[in-house]
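Worksheet: the structure to be examined is printed underneath.
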Amino acid sequence: MARTNAQERLKRIDLLAAQLKQDVHCTVADLARQHGVSVRTITRDLALMREQGMQIDADRGRGGGVRLDQRWGVGRMNLSYAEAVDLLISIAVAERMNSPIFLANLGSVKRQLEASFAPAKRDKINRLKSRILIGVTASIYVQSGVTAPPKRISQTLHQAFVDQENLTIRYQREDGRQSTRQIAPHYLLLKYPVWYVVAFDALTDGPRTFRCDRILSAQRDGTPFKLMPITSFQPSVMSSDLFR
């Protein structure tokens, strides 16, 4: 219990530091209410932050606000396992797209994240990254019809991909026809800015590529699938304009 409380306090202090840099006016009572703790607890947190060297200013008088000097650095970040995995995969996608901008520090960030994982989990993350394919930029015609998938569908697809779990989806083709499919999301393909899921489709009993923004609904069914090699999806995916 003591360890849990200490971890919760460290995370709360990190959140307080970020919040106090951004908010124009925030009182101790406001902070206590937002974080679900007592005013006394927040006061102790602020005292500890000052002991750590953070420049926290407070307005005198009842209801006075508190703030952190905006020149203070970003400090520490506490990421969950899932958040760290997502960040590593995002970095890998950015690197493989060979963008010349904003890549200068990604290598250092990636090394620090990878060092925080045990070897077995690093292997799992590398397997996940190998299942994300990068193709050529989508045509102007395709881009003109792209819409962002709803968040709930993206999250469901994301989790099924990570956990290697089958999905039931409602899919709409380009001509407007809809169908219900049971799919196994083996790979994800990015033809910027369009994402596709490369799947085994139970309806056709074979490989199929689905455009993510045309998935109208998605539900995990709780059954796992065994990953198939990318060569099993030829020729629909392994075309000349695709590289891994």
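Within 10 Å of each candidate Cβ there may be at most 16 other Cβ atoms; applying that plus a DSSP loop requirement, which trypsin sites (Lys or Arg not before Pro) in region 193-238 survive?
Numbers: sites: Arg208, Arg211, Arg214, Arg220, Lys226; in loops: Lys226.
Those satisfying the criteria are Lys226.
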- Heavy-atom SASA rank of Met228, Met54, Met49, Met97 (probe 1.4 Å, accessible area, largest first): Met97, Met228, Met54, Met49
- Task: Would you check the accessible area of His35, probe 1.4 Å, heavy atoms only, in square angstrom rounded to 10?
- Result: 50 Å²
- Message: For a test of the definition: using alpha carbon positions, the gyration tensor, and the 1.5 limit on a/c, classify region 157-204 as rounded, prolate or oblate.
- Response: oblate
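If you average the sequence gap of Cα pairs under 8 Å that are 6 or more apart and divide by the length of region 91-179, what percent do you get for the contact order?
Values: 20 pairs, mean separation 17.6, N = 89.
The value is 20 percent.
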- Which value, in Å² rounded to 10, gives the accessible area of Tyr187 with a 1.4 Å probe and all protein chains present? 10 Å²
- Arrange the peptides 198-206, 143-151, 162-170 so that the one whose residues have, on average, the most other Cβ atoms within 10 Å appears first. 162-170, 198-206, 143-151
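As an exercise, identify the chymotrypsin sites (Phe, Trp or Tyr not before Pro) in region 88-166 lying in DSSP coil whose Cβ has no more than 12 other Cβ atoms within 10 Å. Present the calculation step by step, with values, prior to reporting the outcome.
Working: sites: Phe102, Phe117, Tyr141, Phe161; in loops: Phe102, Phe117.
Taking region 88-166 and a limit of 12 other Cβ atoms within 10 Å, the loop chymotrypsin sites (Phe, Trp or Tyr not before Pro) found are Phe102.
Take every Cα pair under 8 Å in region 166-239 that's 6+ residues apart, average their separations, divide by the length, and report that relative contact order as a whole percent.
Numbers: 131 pairs, mean separation 23.3, N = 74.
Answer for region 166-239 is 32 percent.
The values are calculated or read from the model by the stated rules, or taken from the named source; none is laboratory data. Fair warning: this is a prediction, and the values are worked out from it, not measured in the lab. Backbone-built Cβ (ideal geometry, glycine too); neighbour counts: all protein chains shown. Accessible surface areas use protein heavy atoms only, side chains included; no ligands, DNA or RNA. Shrake-Rupley method; radii C 1.70, N 1.55, O 1.52, S 1.80 Å.
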